[in-house]
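Encoded as structure tokens, the structure appears first; notes follow it.
The values are calculated or read from the model by the stated rules, or taken from the named source; none is laboratory data. Note that the coordinates shown come from a computational prediction; the quantities given were computed from them, not determined experimentally. Using ideal geometry, Cβ is built from the backbone for each residue, glycine included, and neighbour counts are taken over all protein chains shown. Side chains are part of the model used for accessible areas, which takes the heavy atoms of the whole protein and leaves out ligands, DNA and RNA. Shrake-Rupley method; radii C 1.70, N 1.55, O 1.52, S 1.80 Å.
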Amino acid sequence: MKRFLVIETLDQLKAISDSLRMDIITLLVKEAYTGKQLATLLSLSASKVHYHLKELENHGFIKVVRTEEKNGIVQKFFRAVAYDFKVSEELLPSLRENSMLLQEAMVNHLRTSITRLYNAPDESFMQFVDESKRAPAVAFNAEVKAPREELHAWLKKYHALINELGEMEERHLARIAAGEVEDSEENFYLVSVGFMTNERYYVADDESLPENYEHLPSDHKHVTNKIVVKKKKEATSDGNGDLDNN
């Protein structure tokens with residue numbers, strides 16, 4: 001399977017602006033399936049899945065990679081032709097005029113992420129085990145009110161961090177190829193979506209916790225920990241000079 005597929009027509013863009021088709025492509029990136037197998041995985045009728053498979057095949061997103069005969073019926077196994085979609089510059093005029101296309105692209109990132117999240121092993125989300133055994137993970141959303149020029153500058157730094165992740169992978173793959181380390185087959189999956197909006201949801205007159213709770217300590221100044229704990233009562237000295245922490 002190739003990494004890149006270049007989307008060259010509006011019909012192709014519209015063909016994947018469908019949540020079910022993105023679910024199908026996500027599954028077919030991982031491995032080959034028949035229409036019947038996909039229908040079972042997605043809890044849908046075979047006829048509905050076959051319709052979407054035909055549309056995806058007609059627009060070049062998937063292809064038949066092998067066939068098998070079972071009980072006199074030829075089964076087609078489909079696979080995605082690529083996992084990374086790029087948009088041709090010829091479509092830029094349409095992208096400038098149609099905001100829905102970028103919106104759908106962002107939604108498709110999120111749909112794929114949901115599928116990947118639910119397919120990940122349970123141990124990926126055990127965040128309250130010993131730190132040495134904890135899998136790397138991050139989850140948060142936020143609203144930031146700041147000048148656009150400063151946000152653009154921040155995005156440049158963020159893109160540099162993403163490049164750093166790519167360099168990290170290159171070094172690790174080189175060490176695996178050289179036999180210096182074993183391939184654990186673990187991957188860190190990351191998706192990010194950010195955009196300007198004229199609505200602000202996260203506004204509160206009182207941002208304090210109930211008086212008997214406090215946030216767990218966090219390394220992030222502006223991202224609060226989702227877990228809160230009851231406050232420890234202040235230590236008081238008893239008549240014997242011992243501290244009473246009850």
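Miscellaneous remarks
- Relative contact order, whole percent, for the stretch 25-114 stands at 28, derived from Cα pairs under 8 Å and 6 or more residues apart.
- Calculated on the alpha-carbon coordinates, the convex hull of the stretch 12-89 measures out at 88 cubic angstrom per residue.
- Taking N as its residue count, the alpha carbon Rg of the stretch 113-160 over 2.2 N^0.38 Å: 1.67
- Degrees, to the nearest 10: 99-119 long Cα axis against longest axis of the chain: 70
- Mean silhouette area of the chain, derived from the convex hull of its C-alpha atoms and averaged over all directions, reads 23.0 nm².
- The candidates 196, 106, arranged from most to least accessible area with a 1.4 Å probe in the full protein assembly, appear as 196, 106.
- Whole-number percent relative contact order across the chain, with pairs defined as alpha carbons under 8 Å at least 6 apart: 16
- Taking other residues whose beta carbon is less than 12 angstrom from the beta carbon of residue 121, and scoring Lys, Arg as +1 and Asp, Glu as -1, yields -3.
- 5 angstrom amide H check on residue 7, placed H, neighbours 5+ away: 86, 87, 88
- As a ratio to 2.2 N^0.38 Å, the alpha-carbon radius of gyration computed for the stretch 140-201 takes the value 1.63.
- Convex hull of the stretch 25-66 built on C-alpha atoms - directionally averaged projected area, nm²: 2.7
- Among the trypsin sites (Lys or Arg not before Pro) in the stretch 138-211, those located in a DSSP loop and surrounded by at most 16 other Cβ atoms within 10 Å of their own Cβ are 145, 200.
- Residue 197 accessible area, assembled protein chains, probe 1.4 Å, Å²: 80
- When the helices of the chain are scored as -39500 (n - 2.57) per DSSP H run of n ≥ 4 and the total is divided over every residue, the value at 222 nm lands at -12500 deg cm²/dmol.
- From phi via Karplus (6.51, -1.76, 1.60), per-residue ³J(HN,Hα) for the stretch 152-167 in Hz, x at Gly/Pro: 4, 5, 5, 4, 4, 5, 5, 4, 5, 5, 5, 4, 5, 4, x, 5
- Out-of-range pairs (alpha-carbon distance over 22 Å; input 14/86; 48/76; 14/54; 14/76; 133/221; 30/76): 14/76; 133/221
- Carbon and sulfur %, accessible surface of the stretch 1-119 computed with the full protein complex present, 1.4 Å: 51
- About the Cα centre, charge dipole magnitude for the chain (Lys/Arg +1, Asp/Glu -1 at Cβ), debye: 1120
- Sorted largest first, the principal axis extents computed over the alpha-carbon atoms of the stretch 58-203 equal 64, 49, 33 Å.
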